[in-house]
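Just below is one structure, and these are the notes that go with it.
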Amino acid sequence: MTRERWPLALALVLFMLLTSGAVIAQEPESSQEAEPAAEPETAAEAEAAPEAEAAPEAEPAPGNNFETTVDFSPLNGVSLEGSAGQIDIKRVEFEVAGAKGGGIKGAFSSGDADMDAIITTRLSCATKAATKWKIDMLVEFLDADGKVIDRVTNSDSLKNNEKTFNFKHTTLRWAVDHIAKARITVQATE
């Protein structure tokens with residue numbers, strides 16, 4: 001690396017450290033916001049009061065949600081065999097493109113494009129429903145401790161068909177090395 005690039009490289013490293021520090025500092029807040037969601041409280045209330053009323057109409061019924069955690073293993077498909085409403089969730093597969101190596105030497109390679117990795121998630125779903133179902137999909141990439149590294153969302157619809165939803169997410173190349181699992185959440189509404 002030439003001396004002219006040292007200030008740029010140092011600025012880039014500082015920017016990455018500050019950015020990752022901000023993301024880490026914000027992460028507990030976002031997970032705390034997610035915890036008070038209606039599902040955990042509803043389950044606790046349902047156990048405490050068996051005669052509790054049904055969930056409000058704004059929220060989908062519990063049968064319309066699907067959540068699972070799978071190992072993050074690119075190019076190795078995982079059979080899911082779950083459902084959300086009338087949507088059958090069959091399989092998920094991950095592909096990583098642009099992730100060349102890692103470590104500090106890889107971080108100082110030729111350009112910004114070398115620092116990016118694109119994770120393609122392929123989620124295969126099917127339905128025999130005659131009406132169109134809206135599908136909201138969330139994939140959270142987790143480290144070995146179960147902490148969220150990154151996430152991607154996608155929405156689409158499906159009617160009397162089988163379809164593989166492909167959605168791409170650009171993340172930092174070095175982050176891919178730390179992904180151990182993926183939590184997949186699918187919410188279907190008619």
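The values are calculated or read from the model by the stated rules, or taken from the named source; none is laboratory data. Keep in mind that what you see is a predicted model, and the values were worked out from it rather than measured. Glycine gets a Cβ as well: all are built from the backbone with ideal geometry, and neighbour counts include every protein chain shown. Just the protein is used for accessible areas: all its heavy atoms, side chains included, with ligands, DNA and RNA removed. Shrake-Rupley method; radii C 1.70, N 1.55, O 1.52, S 1.80 Å.
Quick test of your reading of the structure: Ala97 fulfils all but one of (1) at pLDDT below 90; (2) over 19 Å from Asn76 (Cα atoms); (3) loosely packed, with under 14 Cβ neighbours inside 10 Å. Name the failing condition by number.
Just one mismatch for Ala97, condition (2).
Taking the range 149-190, which residues are open to solvent by less than 30 Å² (accessible area, probe 1.4 Å) and not aromatic (Phe, Trp, Tyr)?
Of everything in the range 149-190, those that are open to solvent by less than 30 Å² (accessible area, probe 1.4 Å) and not aromatic (Phe, Trp, Tyr) turn out to be Val152, Leu158, Thr171, Arg173, Ala175, Val176, Ile179, Ala182, Ile184, Val186, Ala188.
Collect the residues in the range 64-93 that are at positive phi and not small (Gly, Ala, Ser), keeping them in residue-number order.
Correct list: Leu75, Glu81.
Take the residues in the range 100-127 that are modelled with pLDDT of 55 or more and part of a helix (DSSP H, G or I), then tell me which one is nearest to Trp174 (Cα to Cα).
The selected residue is Met115.
Pick out the one residue from Ala130, Ala144 that is open to solvent by 40 Å² or more (accessible area, probe 1.4 Å), in a loop (DSSP other than H, G, I, E, B), at pLDDT below 90 and not basic (Lys, Arg).
Checking each option against the conditions leaves just Ala130.
Quick check on my filter: what residues within the range 164-179 are touching a strand residue (DSSP E or B) at 6+ places or on another chain (Cβ under 6 Å) and of a type in the set (A, V, I, L, M, F, W, C)?
Phe165, Phe167, Ala175, Val176, Ile179
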